[in-house]
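For reference, the structure discussed in these notes is given below.
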Amino acid sequence: MYLKDYYGILNIKPSASQAEIKKAYRMLALQYHPDKHNNDAEAQIHFSEIKEAYEILTNPSKKEYYLQQRWYNQSLGKRKMQSETTPFLVLQQSLELERHVAGIDVFRMDSGGLKDYILDLLSIDTIEKLKDFNDTTANLEIIKALLRAAHPLPKIFMEEVLNRLRLLATKDNQALHLIEKQQTHSSQKHKYQQYSIIVIIVITIILCSLIHFASR
């Protein structure tokens, strides 16, 4: 997935503070404002990107979502540069993903990006290579790490991840048990969320009715 480099657009480091982001934006906005370039099309496009970068990097929710996508993209790029797939390498990447997910706000999480990342990490080709190694201990640890990383996913995305993990688990009863346990938990969480919405709607209707009758 193509992702704009907002830090590059503003000519700042990823570690830049809010004050540094604002300073870079003001300087570039002044430099590339269309009014200073006779409404030149190229200047307008560049100014629009500068404004977009500033809006994303100064909005906490949008910035966190962007940083997740950026991390996924960078990690995918590093993995594609690696020539050999080994159980140790896949386990290392799975644990790294688990740590990344543990450090983000799940309510602002890019669920689709996380799902795609796991499916890419555990592609059909990778699974076949892991099976050739026949390292059942490493495969089990990979499954455990990815189950923990996938824990926040909604049911619709979780199903895809669990189906992919089943391909790696094959006849490992312990791994299959953990996968089925996760599926049960995901289904229960989904039902709870549905019931919660219904309860909230019912309570809202009751409160509105009480307010209506009380005001008569």
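The values are calculated or read from the model by the stated rules, or taken from the named source; none is laboratory data. Every value quoted in this text rests on a predicted model; they were computed, and no experiment measured them. Note that each Cβ is placed from the backbone with ideal geometry, even for glycine, and that neighbours are counted across all protein chains shown.
So is Phe133 closer than 30 Å to Thr85 by Cα, buried (at least 17 other Cβ atoms within 10 Å of the Cβ) and among the aromatic types (Phe, Trp, Tyr) or not? In short, no.
For the range 176-189, the condition of being closer than 24 Å to Gly113 by Cα, of a type in the set (Gly, Ala, Ser) and part of a helix (DSSP H, G or I) holds for at least one residue. For first residues located in the range 172-185 and not assigned by TED's automatic domain parsing to the domain that holds Ala138, partners that are of a type in the set (Val, Ile, Thr) and lie 6+ apart or on another chain with Cβ distances below 6 Å do not occur. Going through the range 66-112 one residue at a time, which ones are surrounded by fewer than 18 Cβ atoms within 10 Å (Cβ to Cβ), in a helix (DSSP H, G or I) and of a type in the set (Gly, Ala, Ser)? Across the range 66-112, the qualifying residues are Ser75, Gly77, Ala102, Ser111, Gly112. Here His190 passes the criteria (1) at pLDDT 95 or above; (2) more than 21 Å from Tyr65 (Cβ to Cβ); (3) surrounded by 13 or more Cβ atoms within 10 Å (Cβ to Cβ) except the one numbered (1). Go through the residues of the range 47-57 one by one and say whether even a single one is loosely packed, with under 12 Cβ neighbours inside 10 Å, without any contact (Cβ under 8 Å) to a residue 40 or more places away in the chain and not assigned by TED's automatic domain parsing to the domain that holds Ile104. No, the range 47-57 has no match at all. Could we say that Glu128 is under 16 Å from Leu91 (Cα atoms) and of a type in the set (D, E, K, R) here? Yes; evaluated as a whole, the condition is true for this residue.
Is one or more of the residues making up the range 73-92 of a type outside the set (D, E, K, R), in contact (Cβ under 8 Å) with a residue 60 or more places away in the chain, out of contact with any Pro (no Cβ under 9 Å at 6 or more places or on another chain) and not assigned by TED's automatic domain parsing to the domain that holds Tyr7? Let's see the steps before the verdict.
Filtering the range 73-92 for residues of a type outside the set (D, E, K, R) gives 73-77, 81-83, 85-92.
Checking the rest, the ones that are also in contact (Cβ under 8 Å) with a residue 60 or more places away in the chain come to 73.
After this cut, where a residue has to be out of contact with any Pro (no Cβ under 9 Å at 6 or more places or on another chain) as well, the list is 73.
In the following step, the residues that additionally are not assigned by TED's automatic domain parsing to the domain that holds Tyr7 were identified as 73.
Yes: the range 73-92 contains one or more residues that are of a type outside the set (D, E, K, R), in contact (Cβ under 8 Å) with a residue 60 or more places away in the chain, out of contact with any Pro (no Cβ under 9 Å at 6 or more places or on another chain) and not assigned by TED's automatic domain parsing to the domain that holds Tyr7.
On the given criteria, is Val161 surrounded by 16 or more Cβ atoms within 10 Å (Cβ to Cβ) and modelled with pLDDT of 95 or more? Answer is yes for this residue.
Given the structure, is Leu97 closer than 19 Å to Leu3 by Cβ, of a type in the set (A, V, I, L, M) and touching a residue at least 40 places away in the same chain (Cβ under 8 Å)? It would help to see each step written out before you state the result.
Numbers: closer than 19 Å to Leu3 by Cβ: yes; of a type in the set (A, V, I, L, M): yes; touching a residue at least 40 places away in the same chain (Cβ under 8 Å): yes.
Here the answer is yes, as Leu97 does meet what is asked.
Whether any residue in the range 108-121 is over 16 Å from Arg79 (Cα atoms) and hydroxyl-bearing (Ser, Thr, Tyr) is what I want to check. Yes, some residue in the range 108-121 is over 16 Å from Arg79 (Cα atoms) and hydroxyl-bearing (Ser, Thr, Tyr). Evaluate the following for Ala145: is it among the small types (Gly, Ala, Ser), assigned to a helix (DSSP H, G or I) and either more than 23 Å from the chain's Cα centre (by Cα) or not assigned by TED's automatic domain parsing to the domain that holds Val101 (or both)? The answer is no for Ala145.
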